[in-house]
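Just so you know, all these numbers are worked out from the coordinates, no wet-lab data involved. A quick note: this is a predicted structure, and the numbers were derived from the prediction, not measured. Note that we place each Cβ from the backbone using ideal geometry, even for glycine, and neighbour counts take in every protein chain shown.
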Amino acid sequence: MRKLSLLLFTVLLLSGCNSSEGGQKTGNETIDKVDETDEKVEAAPNVKGFITIDGTEHELILNEKGLESYELSEFAEQFTPIIVKPEEIATIRIDNDPYFTVSNWGNEVPVESDIFKIPYETGRYIFSINAHWPNDKTHFFTVIEVPYEFKRVKRDTEPNDPNPWIKSPDGDRKVLLEGYGEFESVGTIVLRDLKNNTLENIDFNHGRQWTPKKIDWYDNDSLLMIIGYTHGTVTRGGDVFHLDLNSLELTPVIELPDREEVSDFTKEGKHLYYEMFVHDEDYNSGHYETRTLDLGTVFPSE
């Protein structure tokens with residue numbers, strides 16, 4: 001009997017000790033049990049990310065395998081790039097508001113308030129976005145392409161360059177490709193207006209990756225030019241473009257596949273005669289070919 005009384009007393013004592021920081025429970029309340037899985041943020045494929053540029057939102061691409069560098073570059077080839085202007089502002093938004101970093105070829109990109117700036121230089125960029133939550137992480141990427149952009153900049157100094165000036169058909173203007181000729185050199189297009197006695201650079205956002213390699217007049221208001229890689233011992237030319245000096249609009253004239261480059265050209269009337277170098281598969285050697293382009297197929301309204 002004494003043992004039974006002692007047992008009942010112990011049960012009542014333990015029941016009375018069942019309290020929380022806010023005070024004792026009344027007995028009618030229930031204690032919520034925390035489910036740890038409720039705190040875990042879902043990762044890919046359910047979580048999505050987005051990048052907004054110039055008012056247009058694009059979905060980020062999931063990098064399920066966490067690819068980096070060359071492997072990511074090869075994987076990204078199958079996706080169509082987002083075409084943007086130089087130095088556009090990009091805003092990142094990812095579900096469940098993670099902490100994230102942005103990088104390009106392993107180099108961290110400065111991000112402030114989920115915003116970063118697209119580079120000025122022309123090229124194809126692959127931005128990696130690594131998102132982190134308290135209990136999870138995932139990887140995204142986006143492919144951005146910055147096209148050529150030209151601008152006219154007043155110049156105060158006279159060029160001192162051995163390359164020749166080339167007069168326009170009407171003789172009112174002339175152009176010079178300044179600085180190009182040495183190994184891995186970058187050329188600057190200089191425009192002189194002989195009637196108004198003005199001097200300008202025709203700058204474009206090539207950085208040091210691309211350069212004009214040859215220029216000539218198409219007509220009195222526009223140029224034909226070869227633009228190609230600056231760096232590399234095997235490059236001999238590039239592709240041919242038409243530049244309107246009034247609108248600064250660039251139009252492709254000859255765009256060749258890999259291993260083929262235009263090394264020189266001559267315009268005669270409505271025909272463009274051009275020399276093309278074709279590399280072998282290993283880029284160790286190759287051969288030249290001469291071809292002709294009817295410019296009426298590129299500019300049919302003229």
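Quick notes on this one:
- Per residue, the Cα convex hull of segment 170-302 amounts to 114 Å³.
- Net lengthening on full extension, Arg124/Gln78 (0.36 nm per residue, minus Cα-Cα): 15.2 nm
- Computed magnitude of the charge dipole of segment 150-297 (debye, nearest 20; Cβ of K, R +1, Cβ of D, E -1): 560 debye
- For a modelled paramagnetic label at Asp136, 7 Å from Cα along Cα-to-Cβ, the residues of segment 61-75 in reach, with backbone nitrogen under 20 Å, are 61-67.
- Counted residue by residue at 0.36 nm each, then reduced by the alpha carbon distance between them, the extension gain from Asp97 to Thr157 reaches 16.4 nm.
- Euclidean distance between Cα centres, segment 89-113 to segment 200-271, Å: 35 Å
- Against the compact-protein benchmark of 2.2 N^0.38 Å, the Cα-based radius of gyration of segment 49-146 scales to 1.00.
- Members of Lys117/Lys270; Lys117/Lys267; Lys117/Lys154; Lys65/Lys117 lying beyond 32 Å, as alpha-carbon distances in this model show: Lys117/Lys270; Lys117/Lys267
- By the count of other C-beta atoms within 10 Å, a proxy for reagent exposure, Ser73, Ser301 are ordered fewest to most as Ser301, Ser73.
- Computed E for Tyr70/Thr198 - FRET, C-beta separation, R0 45 angstrom, nearest 0.05: 0.45
- Calculated FRET value between Glu289 and Thr251, using beta carbons and R₀ = 22 Å, to 0.05: 0.40
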